[in-house]
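Let me begin by presenting the structure, written as C-alpha cells, before commenting on it.
The values are calculated or read from the model by the stated rules, or taken from the named source; none is laboratory data. As the structure is a prediction and not an experimental result, all values here were calculated from the model. Virtual Cβ from ideal backbone geometry, glycine too; neighbours counted across all protein chains shown. These area figures cover heavy atoms from the full protein model, side chains too; ligands, DNA and RNA do not enter into them. Shrake-Rupley method; radii C 1.70, N 1.55, O 1.52, S 1.80 Å.
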Amino acid sequence: MLKPNHHYAELKSSYLFFNIAQKVKAYSGENPEKHLYRMGIGDVTLPLCGAVVRKLHEAVDDQAKQETFHGYMPETGDPALREAIAAYYQARGVDIPWEEVFVSSGASDELGDILDLFSPESAALIPEPVYPAYVDANVIAGRRIVHLSSGKENGFLAMPDAAPCGADAPGLIYLCSPNNPTGAVYSKEQLAEWVEYANRTGAVILFDAAYEVFVNDPALPHSIFEIEGAKTCAIEICSLSKTAGFTGTRCGYTVIPKQLEREGMNLREMWIRNRTTKTNGVSYIIQKGASAVFTPEGQREIHENLNVYKKNAAVLCDTFDRLGLWYSGGKNSPYIWLECGMPSWDFFDLLLHEAQVIGTPGAGFGACGEGFFRFTSFGTPEDTLEASARMEQLLKKR
Ligand code: PLP
C-alpha cells in the first residue's frame with residue numbers, strides 16, 4: 001500500500017499572513033473609507049525595466065519564426081546567461097567560472113530542490129528569526145533541525161561559537177545575508193568564521209543571497225565567495241526577484257564550486273545530474289529576458305528601480321532614528337526590523353487601528369522575533385512617506 005510522506009503532518013501551519021489578512025479584512029470592513037499603508041509587502045511593486053521587457057518581446061518573436069525558434073534549453077541554463085552571471089561576479093572581484101553557475105527558476109525552487117544533494121541524516125542548522133521556507137523544506141525532507149537563535153545582543157547575526165560541535169555538528173547551515181526578516185548583514189570577518197567552522201566540521205553552507213544587490217556599504221560582502229575558503233564549503237543561491245523585479249517572471253541562479261566535495265562525491269556534478277533528471281531548464285524567453293539584467297543598460301535601469309526602494313528604506317530609517325527606536329537593517333537591506341517595545345501582534349493592532357499602517361509581526365518568524373516588527377521598503381514612495389509620518393505622529397506620543 002502506498003505510504004505518503006508523513007513528514008507533511010509535522011509542518012506547523014503558518015498563521016502569519018493568514019492572520020494579517022483576516023485582521024486587515026475586518027478593519028477594512030468596518031472602515032471602508034480608510035486607505036491602508038502596506039509596509040509589510042514582500043513583493044516588488046515596480047515593473048520590469050525597459051531593457052528586460054524589450055528582450056522578452058524579442059524572445060517571443062524568436063519563438064514565432066522557424067529560423068529563430070528554440071526548443072528545450074540546456075537544463076543547467078543557457079551558457080550565454082551563465083557567462084553573463086560569471087562576469088557579474090568577476091566585476092566585483094569574485095572569480096566564478098561560468099560552469100559553476102546554474103540558471104534556476106528562482107531561489108525558492110532551488111532552496112527546496114537542492115536538499116536532494118544531502119542525506120536526510122545530516123541535520124540542518126537554521127538561525128532564527130528565519131525565512132520560513134528553510135524550516136518547512138527540511139521538515140518535508142525529514143531532516144532534524146537545530147535552531148540557532150539570535151537577538152539584539154548580536155545584532156541578529158548568529159555566530160558559529162553558539163553552534164553545536166562534535167557528533168552534534170550540523171551537516172547543513174543556512175545563512176541569509178542581507179537577512180529576511182531582520183535586514184542584518186554579515187561582515188566579511190563574520191562570514192570567515194562561518195567558513196572556518198564549515199570547513200572544520202565538514203558542513204555545507206547554503207548561502208541565500210537573494211538581497212545582495214541592496215548592500216551599499218563597500219566593506220560588506222555580497223557573496224560568500226568573497227571569503228577565502230568558501231569554495232570548499234558553500235553553495236550560493238541567488239534570485240532576480242528583488243534585484244530586477246522578477247517575482248512574477250521567475251529566474252534566479254545558483255553557484256556550486258567545482259571544489260565542493262563531500263565523502264568523495266562532487267556536489268556540482270551531482271547537481272548537473274539532478275537538473276538533467278528533474279528539469280528541462282528555464283524557458284528560452286525568460287532566460288533571454290534575464291540576460292538583459294546583466295547588460296550595462298539593464299544594470300543602469302534596475303538600479304533606477306532599486307534606488308526607489310532604497311529611498312523608501314531611508315525614509316523609514318530616518319523616522320525611527322528621530323523616534324530614538326532600535327532597529328536592524330534598512331541601510332543595506334530592503335527590510336527594517338524594529339524593536340517595537342510590546343508584543344508584536346499588539347504593535348500590529350496599534351499601527352493598523354491608529355495609523356492605518358500594516359507591517360509584519362516578528363513573532364511570525366520564530367520565537368526570538370517576538371518584540372520586533374518587520375517593515376519592507378517595497379511600497380510606493382507616497383505610501384512610505386505618509387506611513388512614516390503617521391507612525392512618527394503616533395509613536396512620539398508614547
Ligand atoms: N530567499 C529569501 C530570503 C526570500 O526572502 C525570498 C523571497 O521573498 C526568496 C528566497 C525567494 O525568492 P524567489 O522569488 O527567487 O523564489
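So the values come out like this:
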| read-out | value |
| --- | --- |
| Electrostatic dipole magnitude of the chain [Cβ: Lys, Arg +1; Asp, Glu -1; Cα centre; debye, to 20] | 540 |
| Kyte-Doolittle mean at least -1.0, axial Cα span of 18 Å or more - DSSP H helices of the chain | 16-30, 50-63, 296-323, 381-396 |
| Shape category assigned to the range 70-155 from the gyration tensor of Cα positions, a/c cut at 1.5 | oblate |
| Within-13-Å neighbourhood charge of V195 [Cβ basis; K, R +1; D, E -1] | -3 |
| Q90 paired with D43, simple spin-label distance in nm, labels 7 Å along Cα-to-beta-carbon | 3.7 |
| Accessible surface of the chain [probe 1.4 Å, protein heavy atoms]: carbon and sulfur percent | 53 |
| Long-range HN-HN contacts of D208 with modeled amide H, under 5 Å | L175, C176, S177, I237 |
| Separation between Cα centres of the range 372-393 and the range 142-211, rounded to whole Å | 30 |
| The range 41-159, relative contact order in percent, only Cα pairs under 8 angstrom and at least six apart counted | 15 |
| Average accessible area per residue (Å²) across the range 1-66 - probe 1.4 Å, nucleic acids and ligands excluded | 74 |
| Relative contact order [Cα under 8 Å, 6+ residues apart], the chain, whole percent | 23 |
| Cβ-defined net charge surrounding S104, 13 Å radius [Lys, Arg +1; Asp, Glu -1] | -3 |
| Theoretical FRET efficiency, 1/(1+(r/R0)^6), r = Cβ-Cβ of A141 and S14, R0 22 Å, to 0.05 | 0.80 |
| Net lengthening on full extension, R200/M265 (0.36 nm per residue, minus Cα-Cα) | 21.6 nm |
